[in-house]
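First comes the structure, then the notes that go with it.
The values are calculated or read from the model by the stated rules, or taken from the named source; none is laboratory data. All values derive from a computational prediction rather than experimental measurement. Cβ coordinates were reconstructed from backbone atoms using ideal geometry, including for glycine residues, and neighbour counts include every protein chain displayed. Heavy atoms of the whole protein, side chains included, go into the accessibility calculation; ligands, DNA and RNA do not. Shrake-Rupley method; radii C 1.70, N 1.55, O 1.52, S 1.80 Å.
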Amino acid sequence: MNKTIKRIIAIARKEMLHIKNDPRSLSIILLMPVFQLIMFGYALNTELQYVDLAVIDYSHSTASHDLVQKFTGSPFFHVYHYEGQFDKLDELFLSREARVVLLIGQDFASDLATQTQSSVQILIDAVDPNAAHMIRNYCSQVIQNFNAANNISLPTPFQIETSVWFNPDMKSAYFFVPGLLALLLIMICALLTSITITREKELGTMEQILVSPVQPQEIILGKVIPYVFISFIIAGLILFIGIWLFGVPFVGNLILLTILSLVYVLTALSLGILISTITQTQQVAMMIALVITLMPTVILSGFIFPIASMPLPLQYLANIIPARWYLTIVRGIILKGNTLQQLIQPTLVLLGMTLLLLAIARRKFSANLEK
Amino acid sequence: MQEIWVVMQKEFRQIFRIREMIAIIFVMPLIQMALLGFAISTEVKNVKLVVADQDNSFVSRELVRAFTKVEQFKLVGHVQSEKEIDALIHNWQAQLALVVPKNFGRDLQRGSIPEIQVIVDGMDGQTAGVAMGYAAGVLNDQLQKFLTQPQMRQLLRGVHMVNMQERMWYNPNLSPEQYMVPGIVVLLLTIVSMMLSAMSLVREKEIGTLEQLMVTPLKKHQLIFGKVIPFLILAFVEFMVVLQIAQWIFQIEMVGSLPLLSLLALLYLFATLGLGVFISTITTTQQQAMFVAWFFMVFMIIMGGFLVPIENMPPFLQKLTYINPMRYFMYMMRDIFQKGSSLHYLLKDAIPMTAYGVVIFTASVLKFQKRVS
Amino acid sequence: MDNSQISVRSHELTRRFGKFTAVDSISIEVKHGEIFGFLGANGAGKTTMIRMLCGLLQPTSGEATVAGFDIYKQTEQIKRNIGYMSQKFSLYEDLTISENIEFYGGIYGLKKEQITKQRDKLIGQVGLQTYTNKFTRDLPLGYKQRLALGCAMLHNPPIVFLDEPTSGVDPEARRAFWELIYNTAESGKTVFVTTHFMDEAEYCHRVSIMDQGQLIALDTPSALKKQTGKESMQDVFVSLLKSRRNGNEE
């Protein structure tokens, strides 16, 4: 046993040297998550801004002028008048010069003066349906404001009061900082592990190690330990920046988070080990690791897209993704202070996955040796 | 020319010799396409809704029913107090709560304007925002309905309102697939082409065969093009296959010209493969190449307009997207797919994208040394 | 020596990596058709020297010509006139034997018929007739190395550089490999070979011994034996190093 530990430490030290001697990789591993976090933090913005709105005003009235003024006053729109021909209107969309066109008809002013309702047309470039929906809502809001200003007693049957709990500004950082933790831990642990092991295979050094008294388990353990360290450093870094720069609240227990993160890291490592047993070259290992960790984690784990919004079969499929369970854990602890009791189910699922992956990897590994 | 052909032949042999590689290049993207297409949507559905209907009158029940009728909301339970709501939200069991006050129906009839409360869990800021918008939409529809009722009509006397009629161009049903699926195709194309090319040269560096090639009269550009052209062909074939299958799976149709799209896709591949080769020339091990490629790809995907429209980003980030080749192709792909734009309207993207490819390839050839370091 | 007889010439060729001097002002001249051995322990600077001569590495100072071409300015011409086999095995393991030959032949711009002819000749030489469609990775190392040498000479270069070509193979395969080197030299090619096997030095026409980047001896094996009064090259090497170390200490 003692020898085992010594050998593992020796291998871990060798791996550490590899990492240390390659400062470029190390700095990328450490800096990239930070860079990603900051980019996500600033780029992930569902609010539309500066939507180009072209106005075609056939009414030329004070009323239509007032209405356009309301749009100009809104921070969402960048308003300008379209001077071209009516039948070449689609050029506005084709050239992306406008995303929405406000069309005020000739009779607008007279209708407004005499009738209860007067219509304007809104043409929206709906290539991005979500944005189109939002643009519609913004327009509707502006028009409601116009109506309210124009009518002293606008009737409302009831009023709506909305309140946002826990995250009043609805900052997306609250949700994606923990998500990023899940993503990076699995990427670093699964991807780096699989690559570092197949690398030895590809360069032929694996054979040499295999004929030495070192056990395969020892090699693998020794090789992964440094990456576990690195991933925890990164996790700490992300958490720190998330809290410090984006104001993510941390209400839970840090020790519990560390322990459960370790469980998740074990799952990720077993996945990486499994990949490395079934591949011969780094390129293939990397492709597989990327395909089965990055994509599903980003897409199916609930990191960005809520699982509840997906079709039912995908909701079931999401259950086999480790990050889906870890996300419940990490968001629960960080944002709502959940306890182990509340998180027992995801924890057990992760442990089960780890055992299953290791069992398969073991069988594959011995099968390979017999070949 | 013969030399390029010889290198190409060798690359093809090596690629097709690895069975997993073929699966990765051709089968995986299709599976991902299907998964992504169904999973990715900026729509929000099945928001867990809890209702505290303290009135329990005919009117209030009608109102609640309006919420259960749309797929955006999923009613998970009825409660009485705000305290219970708090507990449910705390345990992630509800995201949105609707509180209808006591005597809501009576107050409504009397015209004394009761107040409905909508509570949303802001933790998932993005979903919360969208869910709140939906809730407001449902409630506004109800408002309009009440207004058309006879007892309300008298209130409308002397009121002059503007009413908005919207027309959604290009995607009248606001189908998210129309928008997301072409984006996913671009994404897959980018990942495959960059990964393949980023690993290409550096793999030979690591195995040692590059040193052998360096002492041959093979020219730098012959080596680079000989290595890249097979990837270009593979990635392009993959693009066509994925594009066709995606249209079939998701029942969407491309409006624009396929030859135009193909041309632009080739130009885009030129840029991404160039970027990959560039990464390959500045790194010494496959592991390193992978990290750098990964770094670039994350940047490209986040800043390419795939998930977050570039228009939504703060101005300084918007400027940063100009150095991202994906930005250009993403716009063009979506425009050709949905609007059927002609080249004339796309030149402002096509030109910088092509220039990008030329610059990056030149840089790679210059940077690549037929020497060991 | 007459210039036209010289295929490799270096004058005070030096290469430093930072503070470390890998090759320290080495001057040599190698004749046509000569088997020129470069001896030294690992890290003595043999590989660096060969890499500079092949145009893979820029020297820090000094001059050299290979096949009459300058190693600073005319590296591309040099590459047309040399064959090179590196320490690392340099064939593609995931290609078959004939695919490897076709690839290297194509790179050297050989015509199709030439490639076919060369391929058959090479396969006959190495004795791989039954293996042409096998993957290179399945060959024993000795065969791989002879094949690699053949691939490096497909274009019939006048000079061949071999960097530790026999490391890691069994004595039988080494003998076979050296036979190939002899045939090569007899056909009029210059062979520049590095090794750390002292017995192999016996086969060379002339050997130079390197230590810590410096040239400490250069002559025929028999002259070196006479000079040191030793029986084998192994002893020659040891005694030369010993006297040098002692000399340094004094």
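Quick look at the values:
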{"read-out": "From B:Val185, B:Val237, residue being within 27 Å of B:Asp335 (Cα to Cα), β-branched (Val, Ile, Thr) and open to solvent by 10 Å² or more (accessible area, probe 1.4 Å)", "value": "B:Val237"}
{"read-out": "Residue in segment A:270-285 that is open to solvent by 10 Å² or more (accessible area, probe 1.4 Å), within 13 Å of another protein chain (Cβ to nearest Cβ), of a type in the set (A, V, I, L, M, F, W, C) and farther than 25 Å from A:Ala173 by Cβ present", "value": "yes"}
{"read-out": "Test for C:Val160: is it within 13 Å of another protein chain (Cβ to nearest Cβ), among the β-branched types (Val, Ile, Thr), in contact (Cβ under 8 Å) with a residue 60 or more places away in the chain and crowded, with 17+ Cβ neighbours inside 10 Å", "value": "yes"}
{"read-out": "Selected residue (criterion: most open to solvent (accessible area, probe 1.4 Å)) from residues of segment A:132-153 that are of a type in the set (A, V, I, L, M) and modelled with pLDDT under 85", "value": "A:Ile152"}
{"read-out": "Unique residue being in contact (Cβ under 8 Å) with a residue 40 or more places away in the chain and part of a helix (DSSP H, G or I) when the list is C:Ala223, C:Ala185, C:Ala173", "value": "C:Ala185"}
{"read-out": "Segment A:81-104, subset exposed (fewer than 14 other Cβ atoms within 10 Å of the Cβ) and not in a loop (DSSP other than H, G, I, E, B), residue farthest from the other protein chains (Cβ to nearest Cβ)", "value": "A:His81"}
{"read-out": "Number of the condition not met by C:Asn42 [criteria: (1) of a type in the set (S, T, N, Q); (2) open to solvent by 50 Å² or more (accessible area, probe 1.4 Å); (3) at the interface with chain B (Cβ under 7 Å from one of its Cβ atoms)]", "value": "(3)"}
{"read-out": "Residue match in segment A:18-25 (condition: without any contact (Cβ under 8 Å) to a residue 12 or more places away in the chain, farther than 25 Å from A:Tyr138 by Cβ, buried (at least 18 other Cβ atoms within 10 Å of the Cβ) and not aliphatic (A, V, I, L, M))", "value": "yes"}
{"read-out": "Any chance C:Leu56 is part of a loop (DSSP other than H, G, I, E, B), touching a residue at least 60 places away in the same chain (Cβ under 8 Å) and crowded, with 21+ Cβ neighbours inside 10 Å", "value": "no"}
{"read-out": "Within segment B:42-63, considering residues that are surrounded by fewer than 19 Cβ atoms within 10 Å (Cβ to Cβ) and touching an Asp or Glu at 6+ places or on another chain (Cβ under 8 Å), the one farthest from the other protein chains (Cβ to nearest Cβ)", "value": "B:Arg61"}
{"read-out": "Residue within segment A:118-129 that is open to solvent by 40 Å² or more (accessible area, probe 1.4 Å) and either modelled with pLDDT of 90 or more or in the same structural domain as A:His60 (by TED's automatic domain parsing) (or both) present", "value": "yes"}
{"read-out": "Segments classed as helices (runs of 4 or more DSSP H), wholly inside segment A:163-258, with at least 1 members that are closer than 30 Å to B:Ile116 by Cβ", "value": "A:173-186"}
{"read-out": "Only one of B:Met290, B:Met330, B:Met353 that is open to solvent by less than 10 Å² (accessible area, probe 1.4 Å), under 27 Å from A:Pro306 (Cα atoms) and of a type in the set (A, V, I, L, M)", "value": "B:Met330"}
{"read-out": "Scan of segment B:26-61 for residues that are farther than 21 Å from A:Met310 by Cβ and in contact (Cβ under 8 Å) with a residue 24 or more places away in the chain, ordered by number", "value": "B:Phe26, B:Val50, B:Val51, B:Ala52, B:Asp53, B:Gln54, B:Asp55, B:Ser57, B:Phe58, B:Val59, B:Ser60"}
{"read-out": "Residue list for segment A:40-56, filter: at the interface with chain B (Cβ under 7 Å from one of its Cβ atoms), at pLDDT 75 or above and open to solvent by 10 Å² or more (accessible area, probe 1.4 Å)", "value": "A:Phe40, A:Tyr42, A:Gln49, A:Tyr50"}
{"read-out": "Count - residues of segment B:315-329 that are within 11 Å of another protein chain (Cβ to nearest Cβ), under 16 Å from B:Tyr356 (Cα atoms) and of a type in the set (A, V, I, L, M, F, W, C)", "value": "1"}
{"read-out": "Criterion violated by B:Lys367 - all others in (1) buried (at least 23 other Cβ atoms within 10 Å of the Cβ); (2) touching a Ser or Thr at 6+ places or on another chain (Cβ under 6 Å) satisfied", "value": "(1)"}
{"read-out": "Residue list for segment A:3-17, restricted to those being open to solvent by less than 50 Å² (accessible area, probe 1.4 Å) and either within 14 Å of another protein chain (Cβ to nearest Cβ) or of a type outside the set (Ser, Thr, Tyr) (or both)", "value": "A:Ile8, A:Ile11, A:Ala12, A:Glu15"}
{"read-out": "Pick from segment B:13-29, criterion within 11 Å of chain C (Cβ to nearest Cβ) and among the hydrophobic types (A, V, I, L, M, F, W, C), ranking: nearest to the chain's Cα centre (by Cα)", "value": "B:Met21"}
